[in-house]
Structure formats: structure tokens, C-alpha cells
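S.K.: Handing you this structure, nothing more for now.
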Amino acid sequence: GILAAAVVFEPRRNQASPILSKRARAIKRACEEVYDTLKHKESRYKIYPFSKQAYFHLSQAMEYWLQGTDFSKIMRYTDTDEGEIVRYFRMCVQTLREVHEAMGYSVILTDKLRETIRMINRGVVDAERQLREL
């Protein structure tokens, strides 16, 4: 969930980076290593523009959301607007679904993806539920 949020998020100009948890810092370090390798190869083969890097501005909000915290309470962990958070979390769900569909036969990863999607796609983030209620 943290990785998905980092991959889809686009910070506003001059948006401050938040303090990251130990888990988010570890994920960020791994992402930076992969991104540096990828950027080097893109540069070497003159592939422009470079791939988008991951931004971890929503990591605290996502961590609390995954733990079941109410949406109104996760707002204190980010300076991103409510509507943007909902949109980004929905984008996370879509991204994780695409990864799930592209997966081979790793049962463990497939189960983890399915569970993460379920944990994110609740409350105000669950667009399908909102449509059913109309």
C-alpha cells in the first residue's frame, strides 16, 4: 500500500516531505536504489523522459488507513486535500489490481495484493460502494 501510494502520488510544487516511519524509510531506500539503476540505464540508452520516481508524501496516511483508522483522522498525517487523498488511494487500488492481473502464479504475492486492495478499498475510497448507494 505504501509503495502503491508512492508510485501514484505527484507532489505539488514546494510540498514538504513528511517524516517517514521505519517501514516507509526502508521501502523508500529500496525504491531509490531501483530508480537510480533504472535512470542510469534510461540515460545510457537515451530514453527520455525518465521514469517517474516515487514520492512518499502519503505514506503515513496510507499506513494509518491500512491499520483501519477513520478517514477523518488520517488527514493529520498529510497536507494533501481530502479529495486528492481519495483519488490517490483509488489510483492505488487500480494499480494494485493491474499488478495482480499481471502476476504469474505466486500465490503468496497474489494473496497479499488481494488483501492490500481490500484494506485500501473501504469507506470513502470504495467508489463501487458509493455507486451502489445512489
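The values are calculated or read from the model by the stated rules, or taken from the named source; none is laboratory data. Only a predicted model underlies this, so the values are computations on that prediction, with no experimental measurement involved. Here the Cβ is made from the backbone with ideal geometry for all residues, glycine too, and neighbour counts use every protein chain on show. With ligands, DNA and RNA removed, areas are computed over all heavy atoms of the protein, side chains included. Shrake-Rupley method; radii C 1.70, N 1.55, O 1.52, S 1.80 Å.
S.K.: Condition test on Val93, is it hydrophobic (A, V, I, L, M, F, W, C), open to solvent by less than 40 Å² (accessible area, probe 1.4 Å) and more than 10 Å from the chain's Cα centre (by Cα)?
M.R.: So Val93 fails the test.
S.K.: Ok, one more. Does Phe50 satisfy being at pLDDT 95 or above, under 16 Å from the mean Cα position of the chain (by Cα) and not in a helix (DSSP H, G or I)? Before the answer, list the steps.
M.R.: Details: at pLDDT 95 or above: yes; under 16 Å from the mean Cα position of the chain (by Cα): no; not in a helix (DSSP H, G or I): yes.
Taking the combined requirement at face value, the residue does not satisfy it.
S.K.: Can Arg23 be described as under 26 Å from Asn121 (Cβ atoms), out of contact with any strand residue (DSSP E or B) (no Cβ under 9 Å at 6 or more places or on another chain), surrounded by fewer than 17 Cβ atoms within 10 Å (Cβ to Cβ) and basic (Lys, Arg)? Spell out how you get there, then give the answer.
M.R.: On the way: under 26 Å from Asn121 (Cβ atoms): yes; out of contact with any strand residue (DSSP E or B) (no Cβ under 9 Å at 6 or more places or on another chain): yes; surrounded by fewer than 17 Cβ atoms within 10 Å (Cβ to Cβ): yes; basic (Lys, Arg): yes.
Taking the combined requirement at face value, the residue satisfies it.
S.K.: If you don't mind, there's one more thing I want to ask. May I ask you to list the residues in region 1-19 that are outside any helix (DSSP H, G or I) and crowded, with 18+ Cβ neighbours inside 10 Å? Write out each step before concluding.
M.R.: To start, the set of residues in region 1-19 that are outside any helix (DSSP H, G or I) comprises 1, 9-19.
The answer is Gly1, Phe9.
S.K.: Moving on to the next point. Could you grab the pairs with beta carbons closer than 7 Å, sequence gap of 6+ or different chains, first residue in region 97-113 and modelled with pLDDT of 90 or more, second one open to solvent by 80 Å² or more (accessible area, probe 1.4 Å)?
M.R.: Within 7 Å, the pairs are His100/Arg114.
S.K.: Go through region 113-134 and give me each residue that's open to solvent by less than 100 Å² (accessible area, probe 1.4 Å) and farther than 15 Å from Glu101 by Cα.
M.R.: Restricting attention to region 113-134, the residues satisfying the condition of being open to solvent by less than 100 Å² (accessible area, probe 1.4 Å) are 113, 115-117, 119-130.
Once the filter is applied, which keeps residues that are open to solvent by less than 100 Å² (accessible area, probe 1.4 Å) and farther than 15 Å from Glu101 by Cα, region 113-134 yields Met119, Ile120, Asn121, Arg122, Gly123, Val124, Val125, Asp126, Ala127, Glu128, Arg129, Gln130.
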